[in-house]
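Every number here is computed from the coordinates shown, using simple stated rules; none is lab data. Just so you know, these numbers come straight off a predicted model, no measurement behind them. So basically every Cβ, Gly included, is an ideal-geometry build from the backbone, and we count neighbours across all protein chains shown.
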């Protein structure tokens, strides 16, 4: 069975809420890196196409898949149609439940004369055979060097008797909205094809922690997955990875993974056969204007630590409530900045981290672990030996609250001895409801200090008012996951 519209799966684009509301699908494809300086549109793209096409390849993958179950017609035993379906729907020698070999097509591009090829992970995922077809018709078998599902990048290798034509990565950070780009690939299994357009947006996030997509209106269709997006200098600035479409065809909204992300992944796959990302070991959230006001921060920038489980950050002395403003010499504007910077930082080496803590700036050296090793490890919630108060309810900040008792902690699945204030009810018209607080949430800190009783919270509210603060910062846990919420105390 030949699938001409290969590994081009459809996913929902969460960051674009309008898109999700319209029910549009996101189909995967990918792209490398960008140019140094933009140029105007040429009279023709023919010269550029001739220059780069020999380095772009078609990729055919083959895999054995289980036959679908329960997909055929159900015919009662003894029915007059029983012989018909046996003879025509399942000819002799073709078992309906036997595994079948399927093929799929995608694109890629050569990045070195000795045969390293970049494509999308979803193009080759699950394949037991990978064939490469070059622009001149030559065919070679490829082996998988390594792959990274998080950025949807894979690195292949072919062995050739002669040097192969290849292309270089450009600097995607220099690409501007409106710059001309050209996509090359194998759309819809039709063979080599070129399309041109502009960069229509930068810094798009789809569904991954490390996403940094260039959006383009250059036509990208199924089968373009893994092909290159070129700048006018013939440099790869992106790997064509996804399209946004209600039909599965191009509507002029395509996404290419920025080359400055791809080059780092490719370098690690080439050296190690896998990625090796730094791991800090914290839970974080963006610093919103109201959180900044509640913490008396000058600007709403940085990454606010909400929890510090066992790991490098805890070992170094970072605390919940710290705001990371600089990491390893790079300014941190938000969670996205920190996630990428940590991932790109050296493992096993101490890096300086600048934080704001209780109005003061300090620098703490942290020795990073490796994310791939740390992922999946459960983080135990810490408990306290203090006895809980009697379950007396009170209304504060638009919520009905009561101290945790043993019964409430057990009902919520919390460790014995857990402290905090359980949210019993939230006034639908209150700010707390608008900020997403709901029944079952646990308030564990207020004003960056623990709260175990209703009096603790009342005292924090009065202290905030006395200090001229307009809001109070709460640390709230839901199903074990922490986040900070600033609520008005006026």
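Descriptive notes on the structure:
- Three-way shape call for segment 210-290 based on the alpha-carbon gyration tensor, with the a/c threshold at 1.5: oblate
- Order of 334, 136 under a 10 Å beta carbon neighbour criterion, fewest first: 136, 334
- Here segment 147-189 is treated as an ellipsoid with the same Cα gyration tensor; its semi-axes, largest first and in whole Å, are 25, 17, 15.
- Considered as an equivalent ellipsoid built on the Cα gyration tensor, segment 95-181 has semi-axes of 28, 19, 12 Å, the largest given first.
- Put in line by how crowded their Cβ is, counting other Cβ atoms within 10 Å and starting with the fewest, 362, 295 read 362, 295.
- Prolate/oblate/rounded label for segment 403-470 (Cα gyration tensor, a/c 1.5): oblate
- Difference of contour (0.36 nm per residue) and Cα-Cα distance, residue 176 to residue 372: 67.2 nm
- When Rg and the Kirkwood radius Rh are both evaluated on Cα atoms of segment 173-244, their ratio Rg/Rh stands at 0.95.
- Simple spin-label estimate for residue 425 and residue 358 in nanometres, 7 Å along Cα-Cβ: 3.8
- In this structure, residue 434 and residue 481 have a Cβ-Cβ separation that, at R0 = 30 Å, corresponds to a calculated FRET efficiency of about 0.90.
- Max-minus-min Cα coordinates of segment 278-374 on each principal axis give 37, 21, 20 Å, with the largest extent listed first.
- Summarising the label geometry, the points placed 7 Å from Cα in the beta-carbon direction at residue 334 and residue 394 lie 3.8 nm from one another.
- Near-label residues of segment 112-136 by backbone N, under 17 Å of a point 7 Å along Cα→Cβ of residue 160: 112-119, 131-136
- The simple spin-label model puts a point 7 Å past each Cα toward its Cβ; for residue 139 and residue 296 those points are separated by 7.3 nm.
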